[in-house]
Amino acid sequence: MTTAKVHAVPHILTSPWRPGDALTVEEAGCLAAALSPVSLRELSCCGFSDELIAGLLHRGLLAGGEPAPGLWFRHGWGRPQEFLKAAVADRARTAHSRPPQPGPVSGVLDSREVVHQVLARRSVRKFSREPLARSVLEDTLTAAGALLHAMPYLRLYVVAQDVEATPRGAYAYRSDGTLILLRDGVEDRTMRDVAHQYWVLGTGAVIFIGVCWKDLEEVHGSGPAAFLTLLTECGKLAHTMVLTATAQSAGTWMTPAIDEQRAAEACGLADTDGRDGELLYMVKIGMPRTAEDDQ
């Protein structure tokens, strides 16, 4: 094994496998470990055999060198959906030996009232020129922060576009409720390029959910089931924020379809090599556009 680097390629998403050529749990774990460039030595230290790695290279599921910027995003995927299939299959095979666990929406859909809120909510893609109240942002972050003690590998970052009493810029959210400035004055076009959607622009704020992969592995391991758990919890955290903001008459939309590299640049994390978390999910919050705004 050498220090040469390899990475998983978008081919596994656009044309994953021929019939009868599905991934094993171990192969899926290896590809998950190589979503970001990783050395062959590191893969070996994670327990993946030379034979397994060589097989993935031969099948074109691993490639050598550094991936081109935005490679995954240009294929229409922010994260590898096909790993979910492997994770579901893994859980089905091992369900009989696993202790009962709370469902993925435990703590979110916990009352009939909340169910009605979920059914009534609609995504908002036109926002007012009215600044977002600081209290709305704080309450939204507090609601999400209350869940983070059970998800210590997740991180929250905020890009304030037009929030009362909050200078425009990118912030890290800390467990004590404070916002730590990471980058001054993030431009609108930078935010537009994160999701390639113009309705991210305007007033309000964007909240990003990130993951520290090392911390995730310490809690859930490195297999495909851990990846499925991660995505489920990102959705749970995002939905908690959306319901909290919606209850205060704010408009929201959320998506995992982001360019992770541009999101890191927007939040001032581009030079941290993922130490402070890789961004996976975004939630836009702002006041809905009204007829007065169009006049």
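The values are calculated or read from the model by the stated rules, or taken from the named source; none is laboratory data. For clarity, every value in this text was computed on a predicted model and none was experimentally measured. Neighbour counts are summed over all protein chains in view; Cβ atoms, including those assigned to glycine, are modelled from backbone coordinates with ideal geometry.
For (1) out of contact with any helix residue (DSSP H, G or I) (no Cβ under 7 Å at 6 or more places or on another chain); (2) more than 30 Å from L23 (Cα to Cα); (3) not in a loop (DSSP other than H, G, I, E, B), each residue gets a yes or a no:
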site: R189; (1), (2), (3): yes, yes, yes
site: W199; (1), (2), (3): yes, yes, yes
site: F208; (1), (2), (3): no, yes, yes
site: D215; (1), (2), (3): yes, no, yes
site: K236; (1), (2), (3): yes, no, yes
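Only a single criterion out of (1) among the polar types (S, T, N, Q); (2) within 18 Å of A266 (Cβ to Cβ); (3) buried (at least 22 other Cβ atoms within 10 Å of the Cβ) is not satisfied by T140, namely (2). Among the residues of the stretch 23-44, the one identified as in contact (Cβ under 8 Å) with a residue 40 or more places away in the chain, among the small types (G, A, S) and assigned to a loop (DSSP other than H, G, I, E, B) is S36. Screening S249 with (1) polar (S, T, N, Q); (2) part of a loop (DSSP other than H, G, I, E, B); (3) within 13 Å of the chain's Cα centre (by Cα) gives one miss only, at (3).
Name every residue in the stretch 269-288 that is farther than 20 Å from L237 by Cα and at pLDDT below 75, in order of residue number. Of everything in the stretch 269-288, those that are farther than 20 Å from L237 by Cα and at pLDDT below 75 turn out to be D271, T272, D273, G274, R275.
Can you say whether G177 is touching a residue at least 24 places away in the same chain (Cβ under 8 Å) and part of a strand (DSSP E or B), as far as the supplied structure shows? Considered against the rule, which asks whether it is touching a residue at least 24 places away in the same chain (Cβ under 8 Å) and part of a strand (DSSP E or B), G177 comes out as no. When G235 is tested against (1) farther than 18 Å from G145 by Cβ; (2) within 14 Å of the chain's Cα centre (by Cα); (3) surrounded by fewer than 19 Cβ atoms within 10 Å (Cβ to Cβ), exactly one condition is not met: (1).
Quick one: would you say A266 is closer than 20 Å to V163 by Cβ and aliphatic (A, V, I, L, M)? Spell out the reasoning first.
Working: closer than 20 Å to V163 by Cβ: yes; aliphatic (A, V, I, L, M): yes.
Judged against the criteria, A266 is a match.
Filtering the stretch 175-194 to residues that are in contact with a Gly (Cβ under 9 Å, 6 or more places away or on another chain) and under 19 Å from W253 (Cβ atoms) leaves V186, D188.
In the stretch 265-277, the residues that are surrounded by fewer than 17 Cβ atoms within 10 Å (Cβ to Cβ) reach residues that are modelled with pLDDT under 75 with C-beta atoms within less than 7 angstrom, at least six apart or across chains, in these pairs: G274/S36. One residue alone among A264, A170 is in contact with a strand residue (DSSP E or B) (Cβ under 9 Å, 6 or more places away or on another chain), in the same structural domain as L156 (by TED's automatic domain parsing), at negative phi and assigned to a strand (DSSP E or B), and that residue is A170. Taken over the stretch 116-161, the criterion of being in a loop (DSSP other than H, G, I, E, B), farther than 17 Å from T290 by Cα and of a type in the set (A, V, I, L, M, F, W, C) is satisfied by A146, L147, M151.
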